[in-house]
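> Below is a structure I'd like to ask you about.
The values are calculated or read from the model by the stated rules, or taken from the named source; none is laboratory data. Keep in mind that this is a model prediction, so the values were computed, not measured. No Cβ is skipped: glycine too gets one built from the backbone with ideal geometry, and neighbour counts run over all protein chains shown.
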Amino acid sequence: MAEQYKLKRWLIFTEDSVTSTQKWVRERVSALSDRTAILAGVQTAGRGRSGRTWKSPAGGFYASFLLKPSPPIVLAPCVSLLAAVVLARLLKQRSIPASVKWPNDVIVEGKKVAGIIAESGSFPESWFILGIGINLTESPSIPERKFLPAGSWLEFGEAPAAGELLEKFLGEFDFCWRNREDNPMDGIMEELNSILWRKGEQITLSRGGDTFPGVVRQIDGDGSLVLLTDGGERRFVSGELLTVPEERG
Ligand code: BTN
């Protein structure tokens, strides 16, 4: 049975265990009001991007945030990037240096500590669900992932309680993004590009069946990644970054 409490402009539900907080919100999207979030202690079928699973044992942070109506859909990657920057900020406040791996992972010392997913739709009404998973005390092993193993916050410093983290996250997130029609990246571009994973380094971007080698230049205001390739600067709106082409996240 879900419990609930108010946190400034948000209504927060808490559950000990759900299949997926994304699914929990999606199934109730008509009944829930704008700015509702769910925080779960465990997910039995956590979902990652690109159809991957997100292992969600006890001791992690698993939350989904509903905005309805959805912000303009062109802003979706920017909302995820703001969330990543806010998480990196919260880690930094505890002296843990974090970087943001495009499109929106939070990396500490070569380990993926947090992942973000953004989903939206227009049925039965306009909705946007931001999902955040953070390994707080556990770092689930993901054998199929050849690089960027999972790391936990606790490996690098004292981990906050999930409820405390939720409050801090929403405080920063709402402070940075006050109007749904505005670009949430407006005030964070410099910060984002200063903590950009592999900035100035050679990587490979994988998209569909194609790979694009290049040097990471920056993230632009629309959330796209600029790579310096042999053919000059190229801008990408989707894809996955690999350090060598054989890797798969
Ligand atoms: C990724 O890096 O692939 C994104 C992972 C997102 C995981 C979170 S955990 C809370 C929310 N519920 C889910 O089922 N997924 C997201």
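> It is to be established whether one or more residues within region 9-29 are at pLDDT below 95 and either in the same structural domain as Asp220 (by TED's automatic domain parsing) or touching a strand residue (DSSP E or B) at 6+ places or on another chain (Cβ under 7 Å) (or both).
No, the conditions are met nowhere in region 9-29.
> So is Val108 within 12 Å of the ligand (Cβ to nearest atom), under 22 Å from Glu191 (Cβ atoms) and either assigned by TED's automatic domain parsing to the domain that holds Gly131 or exposed (fewer than 14 other Cβ atoms within 10 Å of the Cβ) (or both) or not?
The answer is no for Val108.
> Identify, by number, the condition in (1) away from the ligand (no atom under 12 Å from the Cβ); (2) more than 30 Å from Glu190 (Cβ to Cβ); (3) of a type in the set (D, E, K, R) that Arg9 doesn't meet.
Status for Arg9: all satisfied but (2).
> Looking only at region 111-125, how many residues end up being buried (at least 17 other Cβ atoms within 10 Å of the Cβ) and part of a loop (DSSP other than H, G, I, E, B)?
Here the count works out to 0.
> For the list (1) without any contact (Cβ under 8 Å) to a residue 40 or more places away in the chain; (2) buried (at least 18 other Cβ atoms within 10 Å of the Cβ); (3) under 19 Å from Cys78 (Cβ atoms); (4) of a type outside the set (Val, Ile, Thr), I need the number of the one condition that Gly214 fails.
Of (1) without any contact (Cβ under 8 Å) to a residue 40 or more places away in the chain; (2) buried (at least 18 other Cβ atoms within 10 Å of the Cβ); (3) under 19 Å from Cys78 (Cβ atoms); (4) of a type outside the set (Val, Ile, Thr), only one is false for Gly214: (3).
> Considering every residue within region 162-177, establish whether at least one is surrounded by fewer than 15 Cβ atoms within 10 Å (Cβ to Cβ) and either of a type in the set (Val, Ile, Thr) or assigned to a loop (DSSP other than H, G, I, E, B) (or both).
no
> A further question follows. Restricted to region 61-77, and to residues that are of a type outside the set (Val, Ile, Thr) and more than 16 Å from the ligand (Cβ to nearest atom), which residue is nearest to the chain's Cα centre (by Cα)?
Out of the qualifying residues, it is Leu75.
> Can you tell me which residue among Ser80, Ser95 is more than 10 Å from the ligand (Cβ to nearest atom), among the polar types (S, T, N, Q) and either in the same structural domain as Asp182 (by TED's automatic domain parsing) or more than 15 Å from the chain's Cα centre (by Cα) (or both)?
Going through Ser80, Ser95 in turn, just one is more than 10 Å from the ligand (Cβ to nearest atom), among the polar types (S, T, N, Q) and either in the same structural domain as Asp182 (by TED's automatic domain parsing) or more than 15 Å from the chain's Cα centre (by Cα) (or both): Ser95.
> I would also like to ask the following. Among the numbered criteria (1) surrounded by fewer than 21 Cβ atoms within 10 Å (Cβ to Cβ); (2) away from the ligand (no atom under 13 Å from the Cβ); (3) part of a strand (DSSP E or B), which one does Phe128 miss?
Condition (1) is where Phe128 drops out.
> Is it the case, given these coordinates, that Gly223 is surrounded by fewer than 14 Cβ atoms within 10 Å (Cβ to Cβ) and of a type in the set (Gly, Ala, Ser)?
no
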